[in-house]
Each structure stands twice: as C-alpha cells, then as structure tokens.
Amino acid sequence: MPPRASVCSRTRSIFFSTLVAAFLLFGSSGCSVGYLLKSAYSQADLLRRRVPMEEALKDPSLTEKQKAKLRLAVEAHDFAEKELGLAKTKNYTTYVQLNAPYVTWVVSASEKTELKHYLWRYPLVGSMPYRGFFEPEGAKEEAKSLREKGLDTYVRGVTAYSTLGWFRDPVLSSMLDYKDYDLVNTILHETTHATVFIKSEADFNERLASFIGMKGTEAFYRTKEGVDSETIKRMHADQVDDKLFGEFISKELGLLDTWYAERKGNAIPEDERFARIKQIQEHYVSDLKPKLNDPDGFKGFEKAELNNARLMTYRLYFEDLSQFEAVFQKLGASFPKMLEFARSLEKSKDPVGDLAKRASL
C-alpha cells in the first residue's frame with residue numbers, strides 16, 4: 001500500500017482536475033458554486049474508488065455471472081476500438097462497486113402547454129435537456145424548484161453515463177444486471193459519445209449513439225457467434241419492438257403537439273391536460289401492446305405517471321433511426337466512414353437537417 005501522502009496527493013489531483021471538468025461538463029451560467037463543488041467531489045470520489053479489472057475479477061464478493069459481465073465489457077470495449085473505429089480510451093478497464101442502484105439521478109423538465117424541453121446551458125457541451133446529480137435529494141430539490149416555476153418535471157435514475165473522454169470511465173455495478181447484449185450496446189453507446197459529441201445537439205448525439213450501439217452490437221455478435229447468432233435474433237426481436245414503439249410515440253406526440261397548438265393562448269385545466277395524456281397510454285394498451293414480441297417490454301410506460309417532461313424523454317431516446325441507416329448504407333456499411341461523416345457535422349448549424357439531406361441523396 002502506498003504511503004498516505006501519496007494517496008492524498010493523488011486524491012487532490014483527481015479532485016482539482018474533476019473540478020475543472022465539472023465546470024466544463026456540468027457548470028452553467030446559472031449554476032451555483034455549491035452544485036459545482038458537490039458534483040466535482042462526487043465525481044472524484046467515484047474515480048477514487050476504481051479498481052483495476054484484474055483485481056475486480058479476483059473479488060470473492062462478485063459472482064461468476066458478474067465476473068463474466070466484466071469480461072464481456074472489456075471485450076466490447078476492445079471491439080469498439082479495433083473493429084468499429086471508436087475512440088481509443090482506457091474506459092471500461094476498471095470497476096466501481098456502487099452503494100446504490102444508480103450512479104446519478106437526472107432531472108428533465110418541459111413546458112406544460114407544449115412539448116418543449118427546458119434547457120440547461122453548459123460551457124463545453126452547450127444546451128442540454130437534463131441536469132445530473134450524484135444524490136437523489138439534489139435531483140428532487142431541483143425538480144421541486146422547477147415545478148414552482150410552472151414546469152413539468154421528471155426525475156430518473158441513471159445506471160451509466162459518459163464523461164466524453166475526460167476521465168477513464170469505469171464499469172459500474174449498476175451495469176451488471178443488464179442482458180449481455182444490452183451491456184455491449186451500452187459500452188458502444190457511451191464510447192460513441194466519447195468519440196463524437198456535437199455541442200447543443202442532444203437529439204443528434206443520442207440518436208447517433210443509439211444507432212452505433214445497435215449496429216455495433218450486431219457486428220460484435222456476428223464476430224463472436226457467427227451469422228446465425230441466437231443473440232442477434234433476440235436483439236432483432238427487441239429492435240422490432242423498439243421501432244414499433246418509436247413509431248407509436250412519434251405519432252402520439254405529434255397529435256399531442258397539435259392538441260396543445262389548438263389551445264395556445266388559453267388556459268388548459270390540469271385535469272383536462274392529464275386526461276389527454278392518459279389517452280396515449282390507453283392507445284398503447286389497445287393498439288400497440290398486442291403487436292409487441294414482448295408485451296411487458298414497455299410496462300414502465302404503461303404504468304407511468306406521464307407528463308410532458310417524461311414524454312419528451314421518450315421522444316429523445318426513441319426517435320426514428322432510418323436516416324442514420326440510409327447514410328450508413330450509402331457509406332458502404334462502414335463504421336469508420338459513418339463516424340467520419342458524423343464528425344464532419346460538428347460545426348454544422350443544423351446537423352439533423354444535414355443528416356436528412358445526406359440520407360436523401
């Protein structure tokens with residue numbers, strides 16, 4: 001064990017570098033110093049608790065199933081770099097045992113009478129439709145403050161996130177309950193964020209990461225198990241459900257957009273508004289659920305207390321990926337070329353529009 005002074009020096013170094021990154025990643029013009037310092041301290045503590053993967057694999061408190069997940073995470077990370085052309089990092093070569101089911105809690109908010117994100121502004125990543133906290137109490141306080149301003153809010157736990165290459169992101173204990181292919185997808189998704197991230201373009205960034213995660217996971221299992229992979233067949237069943245849900249929620253939110261627009265300028269009673277939102281869940285049960293391969297796949301949606309903020313989260317993560325698929329195929333189904341194309345949009349004023357133009361050529 002190193003001398004105590006060495007340990008303290010290393011911790012201070014991590015803290016100060018984390019403080020700088022916390023300002024760039026999480027700090028905003030309206031951000032309190034207390035929030036900034038607390039975020040930096042919590043991130044530093046997370047980094048301090050990392051253990052090398054070799055050490056984690058010898059930990060008797062982890063089951064063999066959990067250790068297999070750790071090996072899979074390392075394998076997926078190596079595949080991302082060597083085969084897909086994603087950023088070369090030292091991410092996912094360490095492990096952190098959390099004391100909670102989530103690593104952070106995220107707040108989202110929206111206007112009540114239109115489907116419009118409330119945005120937080122950050123120096124490095126620009127405007128984003130969410131704000132993260134390492135403790136649930138902080139997220140709940142932020143949500144309460146926003147509700148007092150007349151906004152809808154949604155607080156959710158997050159099991160994984162990317163520091164966009166600033167730090168060596170560890171595999172977290174919160175990730176070990178994933179299905180194997182969901183774990184691979186998550187590693188590729190988050191590594192995509194560390195490879196390409198366009199300022200103030202949350203929709204584009206999430207859709208790109210979702211696309212690379214999905215297609216990359218298929219490539220991973222074709223390499224690992226062959227073209228007749230049973231894992232890929234199960235993935236495809238999930239993807240069919242995701243596509244159906246994405247089409248459903250896009251249509252329903254379009255209709256809700258129209259409903260709000262028709263009442264613009266008029267006060268909408270809350271009971272009337274929530275009754276209209278409840279209709280979306282009723283349509284899900286009657287129209288979509290019978291078509292799903294896994295009828296329980298979206299039970300969280302079916303039973304949720306929905307509001308505009310939560311609905312906007314579904315829009316963010318279940319948008320149509322067909323334009324990404326079209327561009328990918330035009331580029332010869334090449335991951336490096338797809339990533340190069342995405343990087344070419346980093347200074348675009350409208351990356352989503354430019355993606356659509358490239359897809360239509």
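Taking the beta-carbon count within 10 Å as an exposure proxy, list GLU142, GLU302 from fewest neighbours to most.
In increasing order of surrounding Cβ atoms, one gets GLU302, GLU142.
Of the peptides 78-90, 249-261, how do they stack up when ordered by the mean number of other Cβ atoms within 10 Å, highest first?
My ranking of the peptides, most packed first, is 78-90, 249-261.
If I compute P(r) over Cα pairs in 20 Å bins from 0, in percent from the structure I just sent, which labelled value in [x] 24, 52, 24, 1; [y] 28, 54, 17, 0; [z] 26, 60, 14, 0 lines up?
Of the listed options [x] 24, 52, 24, 1; [y] 28, 54, 17, 0; [z] 26, 60, 14, 0, [z] comes from this structure.
Each residue of region 310-317 in order: what ³J(HN,Hα) in whole Hz does its phi give by Karplus 6.51 cos²θ - 1.76 cosθ + 1.60, θ = phi - 60°, with x for Gly and Pro?
Listing the rounded values in order: 5, 4, 5, 5, 4, 4, 5, 9 Hz.
Starting at the first residue of region 320-334, write each ³J(HN,Hα) from the Karplus equation 6.51 cos²θ - 1.76 cosθ + 1.60 with θ = phi - 60°, in whole Hz, x for Gly and Pro.
For region 320-334, the Karplus curve yields 4, 9, 5, 5, 5, 4, 4, 5, 4, 5, 5, 8, x, 6, 9 Hz.
Mind listing the long-range amide H neighbours of THR159? Cut-off is under 5 Å, sequence gap 5 or more, other chains count too, H placed in the peptide plane at 1.01 Å from N.
Hits under the 5 Å cutoff: VAL103.
Over the chain, what is the mean sequence separation of C-alpha contacts under 8 Å (at least six apart), divided by residue count, expressed as relative contact order in percent?
The value is 18 percent.
For a test of the definition: using alpha carbon positions, the gyration tensor, and the 1.5 limit on a/c, classify region 254-326 as rounded, prolate or oblate.
oblate
For the chain, give me the percentage of DSSP beta bridges that are antiparallel, rounded to the nearest 5 percent.
90 percent
Which ³J(HN,Hα) values, rounded to whole Hz and listed in residue order, are derived for region 85-98 from phi using the Karplus coefficients 6.51, -1.76 and 1.60 in 6.51 cos²θ - 1.76 cosθ + 1.60 with θ = phi - 60°, glycine and proline given as x?
x, 6, 4, 7, 9, 9, 5, 6, 10, 10, 9, 10, 8, 7
Taken together, the values in this text are just the output of simple stated rules run on the coordinates, not laboratory data. In this text the structure is predicted, and so the values were computed from the model without any measurement. When we count neighbours, we look across all protein chains shown, and the Cβ atoms used for this are built from the backbone with ideal geometry, even at glycine.
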